[in-house]
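What follows is one structure encoded as structure tokens, with my remarks underneath.
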Amino acid sequence: MASVGKIARRTFLIGAAAVAGGVAVGYYYYRKPFPNPLEAELGKGEATFNPYVKIGADNTITIVAPRAEMGQGISTTLAVMVAEELNVSLDRVKVEHGPASHAYYNAAILEEGGPFAFFDESMTAQAVRSGLGVVGKFLALQGTGGSASTRDGFDKMRQAGAVARQMLIAAAAQKLGVAAADLETADGSILHKASGKSLTYGAVAAAAAAMAPPAEVRLKDRADWKLLGKPQKRIDMLAKVTGAPIFGIDVRLPDMVYGTVKMSPRFWSAPIKADLSKAEKMPGVIKIVPLETNYGHGFGIIADNTWAAFKAAEAIDAQWSDPEYPLSSAAISDVLKQALGTKGSVMRDNGDVDTAFADAPRERIVEADYAVPYLAHATMEPMNATAQLRDGALDIWCGNQAPTLVRQLCANAVGIEQDKITVHTTFMGGGFGRRVEVDYALCAALMAKETGGRPIKVTWTREEDMRHDAYRPAAIGKFQARLGDDGMPVAVDMRMASPSVIAGMLRRLFPSISPLGPDKSIVDGAYDQPYTIPNYRVSGIAAPVSIPVGSWRSVGSSVNGFFHEGFMDEIAIAGKIDPVEMRKRLMAAYPSAVKVVEKVAAMAKWGEALPAGKARGIAFTLSFGSWVGEIVQVADTPAGIRIEKVWIAADVGTALDPGIIEAQLISAAIYGLSAAMGQEITFADGMVEQSNFHDFDAMRIFQCPVFEVAILENFHKMGGVGEVGTPPAAPALANAIFALTGKRVRTLPLSKTVAFA
Amino acid sequence: MRLTVDGQSFDIDADPDMPLLWALRDLIGKTGPKFGCGIAACGACTVHVDGQPVRSCSLPVGQVSGAVTTIEGIGTAGGLHPVQQAWLEEQVAQCGYCQAGQIMSAVALLDEVASPSDADIDNAMGGNLCRCGTYPKIRSAIKKAAALKTAGL
């Protein structure tokens, strides 16, 4: 954006590493391709073309979809990218997650890590973006997050399919003694129409894989897509309706023992005194061992079965040292307030905000204070991992969003080389950012040292899971606007303070790297929105609270979507302008945003009178490259407020699977509404107060509204899908509640102020 | 003790206080029923005992006298249960972790009410949590399953 020149951006934080002075990584390293990890594990008769495609002599076609499947449908969409170019139908292929490998690095996850809004296409922004893609390759993180998997895979995986197909055709041409141009492919076979001869892919796979890859790759035009752009049957659906053992928690190995953990209820605290004698004597208990990881201290319980381990964990009597952070939610809130009073980093600065406010008449000023709590991820499948350490080699089975990090941190913890570790990534019973962390894997790896070579499955209780998360941080914000004569805002000043997600993740995942520069995630969703206001300043301040915080579906945008869009609604009301109309005017420079707002307003028939006791609110957030507007309709009922209907319009640039995209938008909105309605993690005596679904619940089926979704493809760049429905959900609901009750609720969860049916 | 699960008989050596869920998962090897909360608050562990839906995470195995049916036992050799079929057709699952419990609750609902109303669905399914928010599709799949069952498919 225009103001970016004002911002000192020689240093800033990207995803998980600090980069000073632009892109300082070796060109040579970037150009050097990673080895194909599939070569090491080929079965008899199998040939591999690249890290994404294996074909057997029996024509079994295997596609590697190397991203975490946590419900978002990514294994299906990635497989379709390859299948489309390989010219095979989806039911013709086997899809695997594949091994942990740097070959599967995610470049797109970091691409938007620079201090630029998605729509900023200045030369500087583009240069940094491509530079960060290089950094992504340099770090070679195989990660699933940032709603980046389709964007990262779109070219790579289509090319993988196309290259393999071209090589298969070349091999077939040689074998048949015909010109490659005369060959066609269909469903796993290569045909020579003129002679009627055909060969399966499998018949020429070995010969094809030995050939040099083509210098030029031709991808299909969109008009020729048979699979992409259309809803597909998910490859994982049958397993998921039949109860198949596909999750980490379902792993069963011969001679396996079971376990659980009891980690310090105060983060980072060590045990001062511990009496294990009662627990050790309980039936079924094999051994109790101390644990120490990058995530803190505790005990691992090894037993004959999970239940015995759970019972023994309860019986451990331990005292823990005092925490290094404030003891209570009230004290934490004081630290945030103090931080908000300091200068912070200005991440957007249009016009001259100070001057604009200096002579503002009182009646033209709108002011508001907002606050959101810590939140747990509460995936349905509690944290777990299975590990086996034999002959100096470690095998680890778990659902995780970052296999190369699991490998690296387990190697450090156990004290063996990374090449002695095999990570088996399973399907995940929910991720939402929780499984970017590796604590569950570290615990299992350490406990595997204590079982004499037997495999151990370590399952956390729900209570342990709820109380040892990397939480969405609490945040507070101070907001000011000056209205012009026409009621439109002429100046806004937004400040928010929150513990730093990046600093938290570095401490746990990259303890050797110190944070440099501001944490952009504190202002994501506020500084990068497509509104033009002549004087527009957004500042973020990292508050020093070391309770573990991490990536929670949509990260900073989950906070700032609520702050920014709640405040925009307040401005509209104060300026006596319709909130849809105000947004359209402020977004005039961003046609994609305007079209989203117009679409969602049309779907909801915004502006038409509603019966008494019903009201609506709107919110819009651009996050992870997708432009999303949501309208929530609420009704006053004798039992409380009921969320009746939600309309969502989302511009994702290119929609690769409309069925999965719609499901993700609804899913993310429900995730956001659940949190907005009733979720909070609070602290007393340095410990999390909530423990299970009775005090940290989520939306139930009887509370679930009807959804209507429209997917737009107006913007020229592809956006993400998994997280983008979350940010506008909370503010649209809060704005609807204001419209219904006249109560402006600026603190989440809303259940502290209003009752829900 | 002896336990009948999905039509098969198992002799197990378990603490009678052990929840049925852990006997199924760790001792018998039926991993279809899932551990979610341990306090009957999420429904992921739902199985049937003599056709009645129960939360197996909170039912001591020593108190189980009837036949247990899990997600792994509702289909037939010939194919899926109509509820599973409807789930497949409606593409309900996302992460899928809660779905075994959801399906078992839905099967029990349809055994009781052939053509459930929205209110019936709300009542029967309210104890089954889904963090992916698949509720709209669960609702439509239950209605589709009711139609499949009535048609005898």
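Count Lys and Arg as plus one, Asp and Glu as minus one, and take only other residues whose Cβ is under 13 Å from that of B:Pro53; the net charge is then -2.
Prolate is the label for region A:554-628, because the ratio a/c of its alpha-carbon gyration tensor axes (a ≥ b ≥ c) is 1.5 or higher and a/b is greater than b/c.
This model, with +1 at the C-beta of Lys and Arg and -1 at the C-beta of Asp and Glu, gives region A:74-203 a dipole about its Cα centre of some 460 debye.
Based on Cα contacts under 8 Å between residues 6+ apart, region B:2-73 shows a relative contact order of 39 percent.
For chain A, what does the helix formula give at 222 nm: sum of -39500 (n - 2.57) over DSSP H segments with n ≥ 4, over the residue count, nearest 500 deg cm²/dmol?
-9000 deg cm²/dmol
For region A:585-624 versus region A:290-366, the spacing of their alpha-carbon centroids is 34 Å.
Each of B:Ala14, B:Cys42, B:Val68 was placed along the dipole of region B:2-73 (beta-carbon charges, centred on the mean Cα), and the one lying farthest toward the positive end is B:Cys42. Look at the Cα gyration tensor of region A:158-225: its axes a ≥ b ≥ c give a/c of at least 1.5 with a/b at or below b/c, and that counts as oblate.
Shape of chain A from the C-alpha gyration tensor: oblate (a/c of 1.5 or more and a/b not above b/c, with a ≥ b ≥ c the square roots of its eigenvalues).
Fully extending the segment from A:Lys175 to A:Asp695 would add 180.5 nm, taking 0.36 nm per residue of separation and subtracting the current Cα-Cα distance.
Between A:Ser546 and A:Asp317, the C-beta separation translates, for a Förster distance of 22 Å, into a calculated FRET efficiency of about 0.25. Against chain B, whose longest principal axis comes from its Cα atoms, helix B:99-112 is set at around 70 degrees.
With the simple spin-label model, which puts each label point 7 Å out from Cα in the Cβ direction, the A:Ala206 to B:Asp11 separation comes to 5.1 nm.
For a Förster distance of 51 Å, can you work out the FRET efficiency between the beta-carbons of A:Thr747 and A:Lys44, rounded to the nearest 0.05?
Efficiency for this residue pair is about 0.25.
For A:Asn412 and A:Ala360, compute 0.36 nm times the residue count separating them, minus their Cα-Cα distance, and round to one decimal in nm.
On the way: separation 52, 0.36 × 52 = 18.72 nm, distance 5.80 nm.
Roughly 12.9 nm would be gained on extension.
Excluding same-chain residues fewer than 8 positions from A:Lys311, which lysines have a Cα within less than 29 Å of its Cα? In chain and number order, the partners are A:Lys262, A:Lys273, A:Lys278, A:Lys281, A:Lys287, A:Lys449, A:Lys457, B:Lys30, B:Lys34.
With R₀ set to 45 Å, the beta-carbon distance separating A:Thr342 from A:Lys278 gives a calculated FRET efficiency near 0.40.
List the relative contact order of region A:513-559 as a percent without decimals, with contacts defined as Cα pairs under 8 Å and 6+ residues apart. Rounded, it is 52 percent for region A:513-559. Within chain A, the longest run free of trypsin sites (Lys or Arg not before Pro) that sit in a DSSP loop with at most 14 other Cβ atoms within 10 Å is A:344-575.
Among the GluC sites (Glu not before Pro) in region A:568-632, those placed in a DSSP loop whose Cβ has at most 13 other Cβ atoms within 10 Å are A:Glu608.
Per q in 0.17, 0.21, 0.28 Å⁻¹, report the Debye log10 I(q)/I(0) for region B:82-150, using one uniform scatterer on each alpha carbon and no solvent. Log10 I(q)/I(0), no solvent term: -0.49, -0.77, -1.44. Projecting the Cα atoms of B:Ser105, B:Pro116, B:Leu88 onto the dipole axis of region B:82-150, where Lys and Arg carry +1 and Asp and Glu carry -1 at the beta carbon, places B:Leu88 farthest toward the positive end.
Treating only the Cβ atoms of Lys and Arg (+1) and Asp and Glu (-1) as charged, compute the dipole magnitude of chain B about its Cα centre; round to the nearest 20 debye.
The calculated dipole for chain B is roughly 440 debye.
Spin-label model, A:Ser89/B:Ile39: points 7 Å from Cα along the beta carbon direction are separated by 4.9 nm. Just to confirm my numbers, what's the Cα centroid distance between region B:84-148 and region A:675-728 in Å? What the calculation gives is 21 Å, centre to centre. The relative contact order of region B:82-150 comes to 54 percent, based on Cα pairs under 8 Å that sit 6 or more residues apart. Note on A:His716 and A:Ala574: their simple-model spin labels are 3.7 nm apart, each label 7 Å out from Cα toward Cβ.
About the centre of its Cα atoms, the protein assembly as shown shows a dipole size close to 1200 debye [charges on the beta carbon of Lys, Arg (+1) and Asp, Glu (-1) only; nearest 20 debye]. Specify the angular offset, from 0 to 90 degrees and rounded to the nearest 10, of the alpha carbon long axis of helix B:135-150 from the longest principal axis of the alpha carbons in chain B. The two axes meet at around 90 degrees.
Read the figures in this text as sums done on the coordinates, not as results from a lab. Everything quoted here is computed from the prediction, not taken from an experiment. Reconstructed Cβ throughout: ideal geometry from the backbone, glycine too, with neighbour counts over all protein chains shown.
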